[in-house]
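The values are calculated or read from the model by the stated rules, or taken from the named source; none is laboratory data. Remember, it's a predicted structure, so these values are computed and weren't measured experimentally. As a convention, Cβ positions derive from the backbone with ideal geometry for all residues, glycine included, and neighbour counts pool all protein chains shown. Just the protein is used for accessible areas: all its heavy atoms, side chains included, with ligands, DNA and RNA removed. Shrake-Rupley method; radii C 1.70, N 1.55, O 1.52, S 1.80 Å.
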Number of protein chains: 2
Amino acid sequence: MAYEAPINDMAFTLQAVAGLPKLEGLPGFEAYDADLIAPILEEAGKLARDVLAPLNQSGDAAGAQLTEDGVKAAPGFAEAYAQFREGGWMGLSVPEEWGGQGLPKALALAVMEMIHAANMSFGLCPLLSFGAIEALLHHGTDAQKQTYLPNLVAGNWTGTMNLTEPQAGSDVGALKTKAVPNEDGSYAISGQKIFITWGDHDIAENIIHLVLARLPDAPAGSRGVSLFLVPKFLVNEDGSLGARNSLKCIGLEKKIGIHASPTCVMEYDGATGWLIGEANKGLACMFTMMNSARLNVGLEGVAVGEAAYQTAFEYAQERKQGKVQGVDGPAPILHHADVRRTLTTMRARVAAARAICYACGVAADLADAATDEQARHAAKLREDLLTPIAKAWSTDMGVEVASLGLQIHGGMGFMNETLAAQLYRDARIAPIYEGTNGIQAIDLVGRKLSGTNGESMRLILGDIDATIREARATNEPQLVQIADRLRAGADALREATGWMLTAMKERDQDKALAGATAYLALAGDVIGGHFLTRAATAARSSDTATRARNLALAGFFAETALAEAPGRVPGITEGGQTFLEGSEALFGI
Amino acid sequence: MAYEAPINDMAFTLQAVAGLPKLEGLPGFEAYDADLIAPILEEAGKLARDVLAPLNQSGDAAGAQLTEDGVKAAPGFAEAYAQFREGGWMGLSVPEEWGGQGLPKALALAVMEMIHAANMSFGLCPLLSFGAIEALLHHGTDAQKQTYLPNLVAGNWTGTMNLTEPQAGSDVGALKTKAVPNEDGSYAISGQKIFITWGDHDIAENIIHLVLARLPDAPAGSRGVSLFLVPKFLVNEDGSLGARNSLKCIGLEKKIGIHASPTCVMEYDGATGWLIGEANKGLACMFTMMNSARLNVGLEGVAVGEAAYQTAFEYAQERKQGKVQGVDGPAPILHHADVRRTLTTMRARVAAARAICYACGVAADLADAATDEQARHAAKLREDLLTPIAKAWSTDMGVEVASLGLQIHGGMGFMNETLAAQLYRDARIAPIYEGTNGIQAIDLVGRKLSGTNGESMRLILGDIDATIREARATNEPQLVQIADRLRAGADALREATGWMLTAMKERDQDKALAGATAYLALAGDVIGGHFLTRAATAARSSDTATRARNLALAGFFAETALAEAPGRVPGITEGGQTFLEGSEALFGI
């Protein structure tokens, strides 16, 4: 099965739906113009198809291995990483002064989508490196930037995030790893970290670990957490690699998926590290990495969904079973209406999630670069609101769509050797890491909704109103019908938002939090439907096939997800009440 | 993690929801009275908890192995099977004249649920044996029954179903295995069958394969398929085991789940077999096995869902993370409202599916035993209609709930060693085998709905009306509110049913079939909600805890699934249109 990046869909989504043209001419994006999109996506598509996809199933079968010399990546991964590095892909959206190409993050997202779709295990390595780059860009000293950024941006070194400890998962503040000051201004880091993605490997020269730890005098909880940079090999003043630091991978987790991505137990035994940012402000620094990582994990949902769709579509064209009107002999199962419904569901949901993620990326770019203060503020609000939705809605979608893709394969889908089965296993991690989807929902209704007193959601609802007006103004019956469904969906989201804002203000927030996940799901559906409606409207100036495709996807999404939206409000406003009141009988608490 | 059968829930569902009391005193059930329920469920619960559950994860890790002497079951499975056999569990619902206990199938379902919940890989062996018993009971000659039934019913021998060939999956009629008449009235069976569950093993003395094959003069397609009984060891006239038949397992599939259930590639090389039922009527005979198997597979969804719930609930009580109002120090994650929402979703959906499956079982019992012709007819209609819903809705639910259970485990849920991860992998087969859920949806709107001109669904809608009246008559505000939601759900189902009946009559059935899966999902939600409403109403005469629990589950289901039901009608009636019209642009056909 060859993954073929949906370059036209991606470019169309970036340009006509996510708002990439808004970035042209802004400071920081001098290197960017729209003509770059197609050649970049095409080149990345080749890397994904020709280099990464062929290693996806072999990497799953072989996995990464822990040896006496550390972790060995699955066969072929080192060579593939070399091609990724040489292509300059790591620095795509990094400022040129640090060796990057100064292109929009939103464009880099599309490239990362291809990489994840072709090989999610591989994609996790640059995903984490990018987080480290972001943390250094925002919080590193000039000296730190000069020492570490060029090699990270070039892809010579990779990065990791070290948060989790056995007793400190979602509750990062419970961590115990210690950082004791050395005399030279460095720190001795000691402790054990678990679930460290690409925590060790042999595909790059050095690994820059960003590690959360606690200073001797640190207050308890999350306010006593600091961020440290701890390289695998210490870096000499001339930039060459020096002594091996006292840290190592002492175990690899046996996971149900992403086998080629080494998930390490890391032991820091007085390892030398340097403080990044202020003491006890590590969580804020970590959130810089985390926000970027959350959006990128959301994109993994899109990527796995797209891969699952392509695999299932190909299988449905090849597998013949049963008779169908108008087809001689056994018909490809694609001819069965039920199979096409499944494929349409997959494709519409992938398209909606892609638009949400790309739009979040454009908002992040604008939040950095917009020259107008108000525009920058609005973009930041959009980015903040869309991030938990991009993460949670897209990754839940990825699991659902991977499961649908497996189903289309029938019995073959349950076999380990089938790519669809691997995607089902791989997809399942994304709703968990970088903050579980439950945490995302709490972040959405807490910091993002209640924390802005609803301003960010009002902005998005305003965007939706504009989309409805534009669709209706076409007077095209199908678009008008879609707009009507979107209207009902937006009204439902507005109603749920009002309820949620009130509930969050009350003393007992459990009532609000009991509806948080259902609220995020509704918001994702409506915002996703909004983007698909915008796409169908914009596609009127495209070729017939693009028009028909976008209309069909928006129409299907409108008749399913958007039509269901109003009925989902009671699950948010009333559903929680039933189990909170029944909590004693149900759970004994 | 110890599985503890929810005996009270099961007994309550059988008695107060599924209608088991209707069977008392009917011919064939002389051996049954309600006092038997509790001791039988308790005894089965011990087998599940003490014998089968402890082998679930070890069986997953070890798997079944193909050796030169055939397939070896995972360690401990032979001993566990011996205990199952000695307990007489195989014959629970088989007529006493064949060595069974003459109890209702519905009661046997509850027992099978426990077995699947404790160890789905194990449960598949009796599931298939039971199918073989049913086929022989209905289609075997007296001599065949006498030769094979006593040992099958005693559990000394096990049974299999051999349908699938590489080119003949859902389209069974495409199979190529040959049956050539021998001179002594037997047949020489030759061909290869794939995906044969427990096709070979070492936990019982003999294996009775039921094999679909084609006679030399058979018409093409499904009308030329006959059913043959092909034992692993031929049976001598005195009942002792004779020569090894020329058939063997030549390969085991490597699957993502149910590792301890050997999924065999079977080779029949002129193996001796005997015709069961009439020549070329094999499909009808196979459907006898299949209908029983479909309901039992639906039950697997319930079982895995229950196991996932118990595992997640236990984890949520133990795992401490984060602070919660009113709890000192780190709180068990059960105290987070979002976790309780997930657990409530799981529990409500499992309860709804259990009720659907048990009610289908009671209908099957009544369809056999009711003395009144009209009651028998009505029961048969209910059984037929509920079977595809029990199979598809419950198994989709099983996958969804297993995924939710994994999510509650956070990062640990993604580890192979975690039971939640195994359940996620195991659950995924159930929507596929015994007719994919897409096939179930087509069966529902075709044979079951359109084929009875809607009579069967009208019966169920009448049942729902009665439930609404009873709930409203209590004047209890919460029950009245639930009844109102059920009313709206039932109206939605009625509307969708009317549309579907009309669409099925039209020449182009694609429009109807494009909505089949969405229709089945809606029907399952509404019928599930109906049973939960009935449970909450009936529980008013139970203890306070039972009352509160049933009310909370019915209330939550009403505010979510039932409240969403009306909004799902457009997905059935309009959704298909969008992708059928866009089919050229979307799929090139």
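Considering every residue within region A:348-356, establish whether at least one is charged (D, E, K, R) and at pLDDT 95 or above. Scanning region A:348-356, I find at least one residue that is charged (D, E, K, R) and at pLDDT 95 or above, so the answer is yes.
The numbered conditions (1) in contact (Cβ under 8 Å) with a residue 40 or more places away in the chain; (2) within 14 Å of chain A (Cβ to nearest Cβ); (3) over 24 Å from B:Asp69 (Cβ atoms) are all true for B:Leu124 except (3). Within region A:487-501, the set of residues being open to solvent by 20 Å² or more (accessible area, probe 1.4 Å) and away from chain B (no Cβ under 11 Å) comprises A:Arg487, A:Asp491, A:Arg494, A:Glu495, A:Gly498, A:Trp499, A:Leu501.
Residues in region A:155-174 that are of a type outside the set (Asp, Glu), within 22 Å of the chain's Cα centre (by Cα) and outside any strand (DSSP E or B): A:Gly155, A:Leu163, A:Thr164, A:Gly169, A:Ser170, A:Val172. Filtering region A:443-453 for residues that are in a helix (DSSP H, G or I), facing another protein chain (nearest Cβ under 7 Å) and touching a residue at least 40 places away in the same chain (Cβ under 8 Å) leaves an empty set. All told, A:Met504 falls short of being more than 8 Å from every other protein chain (Cβ to nearest Cβ), buried (at least 24 other Cβ atoms within 10 Å of the Cβ) and more than 24 Å from the chain's Cα centre (by Cα).
Scanning region B:293-326 for residues that are surrounded by fewer than 23 Cβ atoms within 10 Å (Cβ to Cβ) and either at pLDDT below 90 or of a type in the set (Ser, Thr, Tyr) (or both) yields B:Gly322, B:Lys323, B:Val324, B:Gln325, B:Gly326. Cβ separations smaller than 7 Å between residues 6+ apart or across chains give the following pairs from region B:151-170 residues that are within 14 Å of chain A (Cβ to nearest Cβ) to residues that are open to solvent by 10 Å² or more (accessible area, probe 1.4 Å) and β-branched (Val, Ile, Thr): B:Leu163/B:Val172; B:Thr164/B:Ile194; B:Glu165/B:Ile194; B:Pro166/B:Ile194; B:Ser170/B:Thr436; B:Ser170/B:Ile439.
Based on this model, can you work out whether A:Asp200 counts as open to solvent by less than 20 Å² (accessible area, probe 1.4 Å), acidic (Asp, Glu) and either more than 27 Å from B:Pro330 (Cα to Cα) or touching a residue at least 12 places away in the same chain (Cβ under 8 Å) (or both)? Judged against the criteria, A:Asp200 is a match. Residues that are in a helix (DSSP H, G or I) and touching a Pro at 6+ places or on another chain (Cβ under 8 Å) were ranked within region A:102-141; the one that is surrounded by the fewest Cβ atoms within 10 Å (Cβ to Cβ) is A:Leu137. Selection of first residues in region A:537-558 that are over 16 Å from B:Glu581 (Cβ atoms) and of second residues that are open to solvent by 20 Å² or more (accessible area, probe 1.4 Å), restricted to Cβ pairs under 7 Å at least 6 apart or on distinct chains, gives the following pairs, ordered by first then second residue: A:Thr537/A:Glu470; A:Thr537/A:Thr474; A:Ala538/A:Ala16; A:Arg540/A:Thr474; A:Arg540/A:Arg547. For region A:47-68, the criterion of being touching a strand residue (DSSP E or B) at 6+ places or on another chain (Cβ under 6 Å), open to solvent by less than 30 Å² (accessible area, probe 1.4 Å) and modelled with pLDDT of 95 or more is satisfied by at least one residue.
There is at least one residue in region B:380-395 that is in a helix (DSSP H, G or I), within 12 Å of chain A (Cβ to nearest Cβ), buried (at least 24 other Cβ atoms within 10 Å of the Cβ) and modelled with pLDDT of 95 or more. Looking only at residues in region A:535-589 that are assigned to a loop (DSSP other than H, G, I, E, B) and under 30 Å from B:Thr544 (Cα atoms), the one that is nearest to the other protein chains (Cβ to nearest Cβ) is A:Gly582. Got a sec? Which of A:Asp484, A:Asp465 is at pLDDT 95 or above, within 23 Å of A:Phe557 (Cα to Cα), in contact with a helix residue (DSSP H, G or I) (Cβ under 8 Å, 6 or more places away or on another chain) and surrounded by fewer than 18 Cβ atoms within 10 Å (Cβ to Cβ)? One residue alone meets the criteria, A:Asp465.
For every residue, the table says whether it meets (1) over 18 Å from A:Leu234 (Cα atoms); (2) in a loop (DSSP other than H, G, I, E, B); (3) without any contact (Cβ under 8 Å) to a residue 60 or more places away in the chain.
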position: A:Thr147; (1), (2), (3): no, no, no
position: A:Lys176; (1), (2), (3): yes, yes, yes
position: A:Gly185; (1), (2), (3): no, yes, no
position: A:Ile194; (1), (2), (3): yes, no, no
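Contact map, region A:415-427: first residue more than 7 Å from chain B (Cβ to nearest Cβ) and open to solvent by 10 Å² or more (accessible area, probe 1.4 Å), second residue at pLDDT below 95 and not in a helix (DSSP H, G or I), Cβ cut-off under 9 Å, separation 6 or more or different chains; pairs are A:Leu419/A:Met1.
With respect to the conditions (1) hydroxyl-bearing (Ser, Thr, Tyr); (2) within 30 Å of A:Ala427 (Cβ to Cβ); (3) away from every other protein chain (no Cβ under 14 Å), A:Ser186 lacks only one, and its number is (2). Taken over region B:317-342, the residue count meeting the criterion of being within 8 Å of another protein chain (Cβ to nearest Cβ) and at positive phi is 1. Taken over region A:232-289, the residue count meeting the criterion of being within 30 Å of B:Asn416 (Cβ to Cβ) and either within 27 Å of the chain's Cα centre (by Cα) or modelled with pLDDT under 95 (or both) is 20.
If the condition is being within 13 Å of another protein chain (Cβ to nearest Cβ) and under 19 Å from B:Thr395 (Cβ atoms), then region B:509-528 contributes B:Ala516, B:Thr517, B:Ala518, B:Tyr519, B:Leu520, B:Ala521, B:Leu522, B:Asp525, B:Val526.
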